[in-house]
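This report refers to the structure that appears directly beneath it.
No value in this document is a laboratory result; all are computed from the given coordinates. Everything numeric here is computed off the predicted structure, so don't read it as measured data. Cβ atoms come from the backbone with ideal geometry, glycine included; neighbour counts cover every protein chain shown.
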Amino acid sequence: MATTPYGIVHFFPGGTREQYLSSIAAVHPGEGQLPAGQIFHASGASVGGWTVLAVHESKESWEIFRDTILFPQMEAGIKGGFETMPVETAIDLITVMPHKYMGVP
C-alpha cells in the first residue's frame, strides 16, 4: 500500500521571526536540513502571528516527528522560541507538485 503525503499548518498567534528561528534551530537537524520524512517546509509572517507549513511523506512520518522531536522540545521550552503550542490544521494531501525554487535574498 502506497503512502500519501501529509500536510501540517501550524499558526503561532503573536509569533515572530526571531521565535521561529530559535524554534527551528532546536527541532531541525541542521540549517537548511529537513527532519526525516519531511519533504517540504515553508514559513512566514501572517496576519496576527507566524505560520509554518510542512509536508511529510506520510501521516506516520509526521506523527513520529511530532511525538519524538517537535512537541517534546516545545513542551520543555525552547529558549527564545515560540511560547505556546500552535493552532494546528492537518491536510490529507492529494497533490504535491515539485518546483525548483531558487530562494529569496
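Quick notes on this structure:
- Size of electric dipole in segment 3-105: Cβ of Lys, Arg +1 and of Asp, Glu -1, about Cα centre, debye, nearest 20: 280
- Using R0 = 30 Å, the C-beta based FRET efficiency linking THR16 and ILE94 works out to 0.35.
- A viscosity of 0.890 mPa s and a temperature of 25 °C, combined with the Kirkwood radius over Cα pairs in Stokes-Einstein, give a translational diffusion coefficient for the chain of 171 µm²/s.
- C-alpha long axis of helix 17-27 to longest principal axis of the chain, angle in °: 60
- Between PHE71 and VAL27, the contour length at 0.36 nm per residue exceeds the Cα-Cα span by 14.9 nm.
- Only Cα pairs under 8 Å and 6+ residues apart enter the sum, and on that basis the relative contact order of the chain stands at 43 percent.
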